[in-house]
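Accompanying notes for the structure given below.
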Amino acid sequence: METAKKSGYSHTLNLPKTDFPQKANLPVREPEMQRWWKERRIYEKMLERRKAQNAPTFILHDGPPYSNGDIHIGHALNKILKDIVVKFHALKGYFTPYVPGWDNHGLPIEHRVQEELIAEGKWSPGEPMTDEIKRELRQRCRKFAEFWSWRQNEQFQRLGVFGDWEHPYFTMDYEFEARLVEIFGELYEKGYLYRGYKTVHWCYHCVTALAEAELEYHEKESPSIWVRFKLRDDPKGIFAGVDANPYALIWTTTPWTIPGNTGIMVHPEFDYVIAVVGQDAYLVAEGLLPIVADELGWSNYRVAKKFVGEQLKGLVFSHPLYDRPSPIVTAEFVTLEQGSGLVHTAPGHGPEDYEVGIREGLPILSPVDERGRFNHDAGERLQGLFVHIEGNKAVMEWLEEVGALLKSSTIRHNYPHCWRCRNPVIFRATTQWFMSIDHNGHRQKCLEAIERVKWVPEEGKGRITAMVQNRPDWCLSRQRAWGVGIPVFYCQNCGQPVVTRETIKSVADWVRKEGSDAWFERSVKELLPANFRCPNCGGSEFTKETDVLDVWFDSGCTHRAVLENHPDLRWPADMYLEGSDQHRGWFNSSLMVAVATKGDAPYRIVLTHGFVVDEQGRAMHKSLGNVVAPEEVISQYGADVLRLWVCASDYSQDVRLGPEILKRLADAYFRFRNTIRFALGNLFDFEPEKHAVPYEQLTELDKFMLHRLTEIVDEVTEAYEEFDYPRVFQTLQRFCAVDLSAFYFDVLKDRLYCEAADDPKRRSSQTVIFEIAKALCIMLFPMISHTAEEAWQHLPNWQGKPESVALSDWVRVPDEWRNERLAERWEQLLRIRDEVKRALELAKNERRVLNPLEAKVTLLTNEALADFLSGFNVSLSEVFIVSQVAVQTDGMHPNAVPAEEFPNLSIAVELAPGEKCARCWQRQESVGQDSQYPDLCARCSEVVRKARVS
């Protein structure tokens, strides 16, 4: 006879068995899974399958990252978000080709190569580059960009991102560069492009013009000066009758722009006064007079006259440093926020000033060279001085010498900096190529196109609307070597720029053959069509433009150069997905090109995410030691934990990441893994085609869990469709932790382990566990792809089982699984179960029972609730995980405690009568009644006996 010890019966139990390991070991296992995907062409099969089904297309167009270093955590956030979108849509039945791309031209790469040339002694900063050095620089830039593009390619694949990694797009591909030439030609032909002398942001360190999207705003300390301009001409007698020296008073934080002053702006509708202070009289805005007086220490002043700004037109003051006029002009953007209400106007150093200068006919002076130093136009005293340091100081000293400087101090304020070199920029009037934003109603058309796009989150719509409403003309030219040359010729006879369909085609043909180098390496005669003549004057001698196109033009044209050229893609894209800074960057530049050339936005949905910050909300910097690199997370936790962080985070704002957050997410990951492992372990002897139980034969408990599964699938599907990934994470976490681990799986353990292997109740539960496990693999695949695939491979086989979870369809739930009436009954029973658990815990604390499994629970209630409880075809002892349950409608019990939620229910807990079964550990009165197995209950003795016979 077998012993009465449980160990003697362990071989008779259906204990879980699975090769799905408890320890994830993701850093080792994930690369193996990725090799498996690649060897079996899973991504390609995913596309081939949908194409064969003639499935609808969903195109997420990849915004190209810059190819100048290893990926950072922001790249990981971006690419994983994109992968979640693509994989969900693929499972939902869409054809989802994802073509990754890289931005290859531009200044960061050129600077890195310049540093190499300097270190090798081949070039010195400030020296003009020879054609030979420029050629070598461009060749090195191409190799540099190629190296980092493919390096990042591998790093993105390590995140588990699906895509056409073997055939990405590069903005330095010859075909792409040729398309840029052609799109430039389209814009020129439509009248959007012009060459003009305008004020632009200028980086003196990078020696190039910058677009608005290439600026970052950081705090900077600047001089703060109050300067007076002496009256030169007063044709209307504004100062007539004022017995004092007449001046206009201005305030500025850029003393270096004073040499470029050619006017003074006032608001046409503000009130201005002449304030007399001792022997001097100052023109000041009335609304700012008290603040000005306090700032300049005017203890005794009087107001002599008052005027409206419009009346001041005609007044002319003298420049304090040069013998030239500085007339009063009006501008509605003048404010009363600070200063004197009179704004010093330097049209060569500010976009608003420039517009006013053009309107009023003011001279456009820009006495600063490309390296930020005063040139000869500023005079011998200032020439050669760097404007932001020596220049500011020298101008202030000069103003003080001539008695024009009333006060100087310093101020800290936000100031534009170059996004590449992080140095402060200046405004400088130069000749550049521009795209007109208001040509042919373009701005309004862009605003209308924005309305037709879905913005996620909705706030993105307001951001890009404001950007488009206020953006100036787009400066397209850059004074660099590494880029696509602006395909413009200049007639040496008439001096006019020449761009025709013929010239564009000829240049594009050359670029397709030799890349953008052709523009710089080939002669004008070679680049132009044979016997070409100037369409303006008939001239035959030409020069070519030396500037290159803004890299934002490169990326802004990807929707044309990639979507229209790739056989699996189409225009427009369904989605763009990038960081929130791209409202003024890629989203904006793409919109400008698309509306101008195609008449609509290049995207139907735009999703934006925030930046990654540390756990305290600080930006990540090496100096703070708070940088989290993707490879560090992957080597410690695996890519799936990083993917889980992305899915769990509210990407609509800045996303926090650090050691504690990663630990919590690792715990969350293992909750998913352990839930799946329990399911797989209890399917070791389950063959779906052989053992699956029809729905109508399932136990009531199992039917209830299928209904819960339908609710989970509905909620998860809706969350994925709304791009609400934190909701996906929370819903599945709650399902695994609460519905499954804490309830369903816990309740099922006795049935799964102790019933006979083929018991109908056990097969019923296995049937539902199988459906849940399969659904979890599919719903988790966009989120933790490697783990979902690993689990899928451990699922029991069935006819038609896809080779990979990636090749399956989204979870489909039969209508018969939905049973609201059943769910209502079970939800009430679960509330009663919570009451029982509280009573069990109290009894355990009072040591009336040591293990709830050994307890007998008596429910004292009324007839209605008793009838409700008797209506279940599942044993209540199984649901409550106790040995015995009794329901009484009369009588008392000394240990009964009242339920909290149910007024007509009390619960008594005591040690169940009978002995403890050595196999199932329940206390049953049938233990000892079987002479062959005296230590087993009736159920267990029957199971063991049949097992021995079979």
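Being under 27 Å from Glu355 (Cα atoms) and touching a Ser or Thr at 6+ places or on another chain (Cβ under 7 Å) is true of Trp433. Those strands (runs of 3 or more DSSP E) of the range 244-313 in which 1 or more residues are surrounded by fewer than 22 Cβ atoms within 10 Å (Cβ to Cβ) and β-branched (Val, Ile, Thr) occupy 245-252, 271-277, 302-308. Taken together, the criteria place Asp685 among residues that are in contact (Cβ under 8 Å) with a residue 24 or more places away in the chain, over 18 Å from Ala775 (Cα atoms) and acidic (Asp, Glu). Give the number of residues within the range 577-601 that are assigned to a helix (DSSP H, G or I), closer than 15 Å to Gln469 by Cα and among the charged types (D, E, K, R). Residues meeting the conditions: 0. Counting only helices (runs of 4 or more DSSP H) that sit completely within the range 627-686, those holding 3 or more residues that are of a type outside the set (A, V, I, L, M) and touching a Phe, Trp or Tyr at 6+ places or on another chain (Cβ under 8 Å) correspond to 659-681. Do we have Arg501 as modelled with pLDDT under 95 and out of contact with any His (no Cβ under 8 Å at 6 or more places or on another chain) here? So Arg501 does not fit the description; no. Can you tell me which of (1) within 18 Å of Phe170 (Cα to Cα); (2) in contact with a Pro (Cβ under 6 Å, 6 or more places away or on another chain); (3) open to solvent by less than 10 Å² (accessible area, probe 1.4 Å) is the one Thr558 doesn't meet? Tallying (1) within 18 Å of Phe170 (Cα to Cα); (2) in contact with a Pro (Cβ under 6 Å, 6 or more places away or on another chain); (3) open to solvent by less than 10 Å² (accessible area, probe 1.4 Å), Thr558 fails exactly one: (2).
Being in contact (Cβ under 8 Å) with a residue 12 or more places away in the chain, touching an Asp or Glu at 6+ places or on another chain (Cβ under 6 Å) and more than 26 Å from Ala394 (Cα to Cα) holds for only one residue in Asp271, Asp233, and it is Asp271.
Checking the stated criteria, Leu406 turns out not to satisfy the condition of being open to solvent by 30 Å² or more (accessible area, probe 1.4 Å), closer than 19 Å to Thr208 by Cα and more than 40 Å from the chain's Cα centre (by Cα). Among the residues of the range 609-626, those identified as under 14 Å from Ile661 (Cα atoms) and among the aliphatic types (A, V, I, L, M) are Val612, Val613. Residues in the range 536-546: is at least one surrounded by fewer than 20 Cβ atoms within 10 Å (Cβ to Cβ), under 28 Å from Trp202 (Cβ atoms), charged (D, E, K, R) and in contact (Cβ under 8 Å) with a residue 60 or more places away in the chain? Within the range 536-546, one or more residues are surrounded by fewer than 20 Cβ atoms within 10 Å (Cβ to Cβ), under 28 Å from Trp202 (Cβ atoms), charged (D, E, K, R) and in contact (Cβ under 8 Å) with a residue 60 or more places away in the chain. All of Ser555, Ser623 fail the test of being without any contact (Cβ under 8 Å) to a residue 40 or more places away in the chain and in a helix (DSSP H, G or I), apart from Ser623. Checking each residue in the range 601-621 for being more than 17 Å from the chain's Cα centre (by Cα) and crowded, with 21+ Cβ neighbours inside 10 Å picks out Ala601, Pro602. When the criteria are applied in full, Lys505 meets the requirement of being part of a helix (DSSP H, G or I), over 22 Å from Thr430 (Cβ atoms) and more than 28 Å from the chain's Cα centre (by Cα). Among the criteria (1) modelled with pLDDT of 90 or more; (2) assigned to a strand (DSSP E or B), the one Ala449 does not fulfil is (2). Residues that are more than 17 Å from Pro782 (Cβ to Cβ) and of a type in the set (Gly, Ala, Ser) within the range 634-687 comprise Ser635, Ser652, Gly658, Ala666, Ala679, Gly681, listed in sequence order.
One line per residue, one yes/no per condition, for (1) buried (at least 22 other Cβ atoms within 10 Å of the Cβ); (2) in contact with a helix residue (DSSP H, G or I) (Cβ under 6 Å, 6 or more places away or on another chain); (3) assigned to a loop (DSSP other than H, G, I, E, B):
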| site | (1), (2), (3) |
| --- | --- |
| Val728 | yes, yes, no |
| Asp739 | no, yes, no |
| Phe745 | no, yes, no |
| Tyr753 | no, no, no |
| Ala757 | no, no, yes |
| Arg762 | yes, yes, no |
| Ser765 | yes, yes, no |
| Glu771 | no, no, no |
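Is it the case that some residue within the range 695-713 is under 31 Å from the mean Cα position of the chain (by Cα), open to solvent by 10 Å² or more (accessible area, probe 1.4 Å) and closer than 23 Å to Phe743 by Cα? Yes, because at least one residue in the range 695-713 is under 31 Å from the mean Cα position of the chain (by Cα), open to solvent by 10 Å² or more (accessible area, probe 1.4 Å) and closer than 23 Å to Phe743 by Cα.
Could you check the range 465-479 and list, in sequence order, the residues that are farther than 12 Å from Ser589 by Cα, within 24 Å of the chain's Cα centre (by Cα) and either at pLDDT below 90 or among the hydrophobic types (A, V, I, L, M, F, W, C) (or both)? Of everything in the range 465-479, those that are farther than 12 Å from Ser589 by Cα, within 24 Å of the chain's Cα centre (by Cα) and either at pLDDT below 90 or among the hydrophobic types (A, V, I, L, M, F, W, C) (or both) turn out to be Ala466, Asn470. Criterion applied to Phe333, Phe317 was being of a type in the set (A, V, I, L, M, F, W, C), under 24 Å from Gly287 (Cβ atoms) and out of contact with any helix residue (DSSP H, G or I) (no Cβ under 8 Å at 6 or more places or on another chain), and the one residue passing it is Phe317.
Can you say whether Phe147 is part of a helix (DSSP H, G or I), of a type in the set (Phe, Trp, Tyr) and more than 30 Å from Ser436 (Cα to Cα), as far as the supplied structure shows? Judged against the criteria, Phe147 is a match. If you filter the range 456-486 down to residues that are touching a residue at least 60 places away in the same chain (Cβ under 8 Å), more than 18 Å from Leu193 (Cβ to Cβ) and basic (Lys, Arg), you find that the one that is least open to solvent (accessible area, probe 1.4 Å) is Arg480.
Scanning the range 100-117 for residues that are in contact with a strand residue (DSSP E or B) (Cβ under 8 Å, 6 or more places away or on another chain) and open to solvent by 10 Å² or more (accessible area, probe 1.4 Å) turns up Asp103, Pro108. Screening the range 11-55 for residues that are touching a Lys or Arg at 6+ places or on another chain (Cβ under 9 Å), open to solvent by less than 80 Å² (accessible area, probe 1.4 Å) and assigned to a loop (DSSP other than H, G, I, E, B) and picking the one that is farthest from Ala918 (Cα to Cα) gives Ala55.
For the range 527-541, the criterion of being under 23 Å from Tyr197 (Cβ atoms), touching a Phe, Trp or Tyr at 6+ places or on another chain (Cβ under 7 Å) and at pLDDT 95 or above is satisfied by no residue at all. Among residues that are within 15 Å of Leu706 (Cα to Cα) and either among the β-branched types (Val, Ile, Thr) or open to solvent by 10 Å² or more (accessible area, probe 1.4 Å) (or both), Arg831 is not included.
Can you name the number of the only condition in (1) over 30 Å from Leu644 (Cα atoms); (2) assigned to a helix (DSSP H, G or I) that Ser124 fails? Ser124 satisfies every listed condition except (2).
How many of the residues in the range 314-340 are part of a strand (DSSP E or B) and not hydroxyl-bearing (Ser, Thr, Tyr)? Summing the residues that are part of a strand (DSSP E or B) and not hydroxyl-bearing (Ser, Thr, Tyr) in the range 314-340 gives 6. Only one entry in Leu159, Leu107 is touching a residue at least 60 places away in the same chain (Cβ under 8 Å) and in contact with a Cys (Cβ under 6 Å, 6 or more places away or on another chain), namely Leu107.
The values are calculated or read from the model by the stated rules, or taken from the named source; none is laboratory data. Keep in mind that this is a model prediction, so the values were computed, not measured. We place every Cβ from the backbone using ideal geometry, glycine too, and count neighbours over all the protein chains shown. Ligands, DNA and RNA are stripped out before the accessible areas are found, and what is left, the full protein with its side chains, is counted by its heavy atoms. Shrake-Rupley method; radii C 1.70, N 1.55, O 1.52, S 1.80 Å.
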